[in-house]
Amino acid sequence: MSEISGLLALWLREVKVFTREHSRVVSSVFTPILWLVVFGGGLGSSIVIQGMDYQTFIYPGIVSMSILFTSVFFGIYIVWDRKIDFLKEVLVAPLRRSTIFMGKVIGGMTDSMIQGTIVLLLGPLIGIGYTPLILLKAYIVVFVMAAGLVSLGLVIGSQMESPEGFGMVVSFVVYPLFFLSGALFPIDNLPTWLGYFVLLDPLTYGVDALRGAMLGTSRFPYLLDLGVITAFAAFMIALGTQAFKRMKT
Amino acid sequence: MIVEVKGLTKVYDKEVKAVDQVNFSIKEGEVFGLLGPNGAGKTTLLHMLATIIEPTEGTATVNGFDILKEPGRVRGSIGIVFQDPSSDDMLTGYENLMLHAMMFGVPRSEWGERINNALKLVELTPRANDRVKKYSGGMRRRLELARGLLHEPKVLFLDEPTLGLDPQSRERVWEYIQSLVKEKGISVIITTHYMEEADHLCDRVAIIDSGRIAVMDKPSTLKHEIGERILLKGVGDSIPDLDALSFIKKYEKYDDAVELCVDDASKRLKAVLEAFPSFEKVEIRLPTLNDVFLKYTGREIREGDAAEGGFMERIMTKRKNR
Ligand SMILES: Nc1ncnc2c1ncn2[C@@H]1O[C@H](COP(=O)(O)OP(=O)(O)OP(=O)(O)O)[C@@H](O)[C@H]1O
Ligand SMILES: [Mg+2]
């Protein structure tokens, strides 16, 4: 009982803080729009991929990117909690560490889902046609990706002392994940060495699943993609629970 | 014994012995003071008891639960007010208390009432819905005190709870701590740099220096050991034979003054004055806990000698950061 109300408390706090930090809300809306308009729009006029214009092609990639960035960067809030010593207050509560971790995870997932929703709403503007099934499939992918990536961010955050350090480490993780994921290019016909790296990137399967659901073109079947990102999420959650158990104040 | 500490030791980074083989135990309903200079190891000791840092050696039980084997149950028995501010300044005072109630298993039906009572107690009711960011340092301190007490723990750890409070607020906190002890029978471990506070509140104090307990006893006993003093100034050369006065336990001569150590200064004053043919001024010095502190640590704590990286300082730097 108290574990559940503790979980709820941790989640509630994240939501409140999120809505109060206006810069977070604003940037979560504008970053993806910027990408879509500038990158997609600018290049889109000259490139056609798999029979669609580039803006349409990278749209699932932009959705994945927003989720990736929001989710992993959420890990900074555990570093922040340590810095403002709120972490002590949480760690001294009679809650399991796994509860504390899951509280943070659902808090971060809420951020990511809000952002994901905003980005998904942009779809029709660039000519993506949604049916309830498409939207459902997309949401499931976004949800599972967020779970894995928020956990990844928290694993990193739980080991870091300073926000700067966190930023450094995260860039080393996030950019490769992003650029290797096929968010910006089709993943068939890559040079072999690059192809291997792409297949090792869990985000590849998220992007592929979204592309399949929204644009009807994908490398792997939807369920295979979903299976891979679910396994990734499960692994990161397990790792995060362990990391939080070992975490110091 | 509600708290039993057995050989507790903490070594930081393989070289700094912050807490060194500490042993003590506390009875239910007792208020126990930990006094010591900056860096003595008080906070480290409390954090080990609160299970948020691991001891290097030794262990302790709190409310019957071992801090190593059942940390969850220990946390369920305690409340702690940290030396550093640890509330979320993006949330309001009310919200901070609410989160605490939710995380610390306060029954849902009691949330509203307890929070309102707590706010009233620390006189923050009118500011309850302001973000903590907008609080003054002392207000924030009071909020965190209210928070530590909200779930009515069996054992309460207070790490410099009244640092930065004005005199009225401080006295109100004292009163409240005392009433908690009396009515709910909770036990308290408190660290403080205010000797007056320790004297007023604590049934027993331990003075710790460099991680070790130098002495541990009732404040009155410790003060008694120092003895009372009579100081005579402007005595010139006319000093009587002090060894002949048998009630004088010890004496010390200075340039133009003499200090006599006696058991009951006000009773002996008459005899002393009669023995001295001439003097300018006389002063009775009753021992304070400050004298005791000095004796065992060789250092003096002055009022306002806030802990390193203390509460107010931290607030100021944190504000800038956010
Ligand atoms: N995280 C840490 N890593 C390394 N050394 C530490 C750490 N925390 C404390 N210390 C060291 O341990 C010793 C005891 O520190 P502690 O904070 O327990 O003292 P304190 O008695 O609470 O002092 P104060 O009155 O200043 O609050 C000090 O020498 C301090 O430098
Ligand atoms: Mg301290």
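See the values below:
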quantity: Failed item, numbered, when B:Glu225 is tested on (1) open to solvent by less than 70 Å² (accessible area, probe 1.4 Å); (2) away from ligand 1 (no atom under 16 Å from the Cβ); (3) assigned to a helix (DSSP H, G or I); (4) of a type in the set (D, E, K, R); calculated: (1)
quantity: Single match in A:Ile33, A:Ile58, A:Ile78, A:Ile67 (criterion: in a helix (DSSP H, G or I), among the hydrophobic types (A, V, I, L, M, F, W, C), modelled with pLDDT of 80 or more and surrounded by fewer than 19 Cβ atoms within 10 Å (Cβ to Cβ)); calculated: A:Ile33
quantity: Filter result for A:Ala213 (under 15 Å from the mean Cα position of the chain (by Cα), within 24 Å of A:Trp35 (Cα to Cα) and not charged (D, E, K, R)); calculated: no
quantity: Residues of segment B:11-29 that turn out to be within 14 Å of chain A (Cβ to nearest Cβ) and either more than 8 Å from ligand 1 (Cβ to nearest atom) or acidic (Asp, Glu) (or both), as a count; calculated: 1
quantity: Residues being buried (at least 17 other Cβ atoms within 10 Å of the Cβ) and within 7 Å of another protein chain (Cβ to nearest Cβ) - total across segment A:1-11; calculated: 4
quantity: Boolean, B:Glu70 is more than 14 Å from A:Leu91 (Cα to Cα) and either more than 12 Å from every other protein chain (Cβ to nearest Cβ) or open to solvent by less than 10 Å² (accessible area, probe 1.4 Å) (or both); calculated: no
quantity: Filter result for the condition that a residue is part of a strand (DSSP E or B), more than 18 Å from the chain's Cα centre (by Cα) and among the aliphatic types (A, V, I, L, M), over B:Ile190, B:Ile239, B:Ile230, B:Ile213; calculated: B:Ile230
quantity: Looking only at segment B:176-194, and only at residues there that are closer than 23 Å to B:His100 by Cα and among the charged types (D, E, K, R), the one that is nearest to ligand 2 (Cβ to nearest atom); calculated: B:Lys184
quantity: Residue list for segment B:143-161, restricted to those being basic (Lys, Arg) and surrounded by fewer than 23 Cβ atoms within 10 Å (Cβ to Cβ); calculated: B:Lys154
quantity: Looking only at segment B:270-298, and only at residues there that are more than 30 Å from B:Cys202 (Cβ to Cβ) and part of a helix (DSSP H, G or I), the one that is least open to solvent (accessible area, probe 1.4 Å); calculated: B:Val272
quantity: Selection status of B:Glu183, within 14 Å of chain A (Cβ to nearest Cβ) and more than 16 Å from ligand 1 (Cβ to nearest atom); calculated: no
quantity: All positions within segment B:41-62 that are within 16 Å of ligand 2 (Cβ to nearest atom), farther than 16 Å from A:Pro94 by Cα and within 14 Å of chain A (Cβ to nearest Cβ); calculated: B:Thr43, B:Thr44, B:Leu46
quantity: Options B:Phe82, B:Phe32, B:Phe65; residue that is within 14 Å of chain A (Cβ to nearest Cβ), among the aromatic types (Phe, Trp, Tyr) and open to solvent by less than 40 Å² (accessible area, probe 1.4 Å); calculated: B:Phe82
quantity: Which numbered condition A:Ser162 misses (of (1) modelled with pLDDT under 90; (2) out of contact with any Gly (no Cβ under 9 Å at 6 or more places or on another chain)); calculated: (1)
quantity: Cross-chain or 6+ apart pairs with Cβ under 6 Å, segment A:89-102 first and at the interface with chain B (Cβ under 7 Å from one of its Cβ atoms), then surrounded by 21 or more Cβ atoms within 10 Å (Cβ to Cβ) and in a loop (DSSP other than H, G, I, E, B); calculated: A:Glu89/B:Ser86; A:Val92/B:Ala50; A:Ala93/B:Phe104
quantity: Tally of residues being loosely packed, with under 14 Cβ neighbours inside 10 Å, under 28 Å from A:Ile156 (Cα atoms) and of a type outside the set (A, V, I, L, M, F, W, C) across segment A:196-217; calculated: 1
quantity: Which listed residue, of B:Gly112, B:Gly164, B:Gly138, is open to solvent by less than 70 Å² (accessible area, probe 1.4 Å), within 16 Å of ligand 2 (Cβ to nearest atom) and of a type in the set (Gly, Ala, Ser); calculated: B:Gly164
quantity: Residue within segment B:148-160 that is free of Cβ contacts under 8 Å to residues at least 60 places away in the same chain, assigned to a helix (DSSP H, G or I) and more than 16 Å from ligand 2 (Cβ to nearest atom) present; calculated: no
quantity: Test: residue in segment B:86-93 that is within 16 Å of ligand 2 (Cβ to nearest atom), surrounded by 19 or more Cβ atoms within 10 Å (Cβ to Cβ) and closer than 25 Å to B:Trp174 by Cα; calculated: yes
quantity: Matching residues, segment A:218-248, being polar (S, T, N, Q) and open to solvent by 50 Å² or more (accessible area, probe 1.4 Å); calculated: A:Ser218, A:Thr230, A:Gln242
quantity: Segment A:14-26: number of residues that are within 10 Å of chain B (Cβ to nearest Cβ) and in contact with a helix residue (DSSP H, G or I) (Cβ under 6 Å, 6 or more places away or on another chain); calculated: 1
quantity: Residue within segment A:74-85 that is under 21 Å from B:Asn96 (Cβ atoms), within 14 Å of chain B (Cβ to nearest Cβ) and touching a strand residue (DSSP E or B) at 6+ places or on another chain (Cβ under 9 Å) present; calculated: no
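The values are calculated or read from the model by the stated rules, or taken from the named source; none is laboratory data. Bear in mind the structure is a predicted one, so any value in this text is a computation, not a measurement. With ideal geometry, Cβ positions are generated from the backbone for all residues, glycine too; neighbour counts draw on all protein chains shown. These area figures cover heavy atoms from the full protein model, side chains too; ligands, DNA and RNA do not enter into them. Shrake-Rupley method; radii C 1.70, N 1.55, O 1.52, S 1.80 Å.
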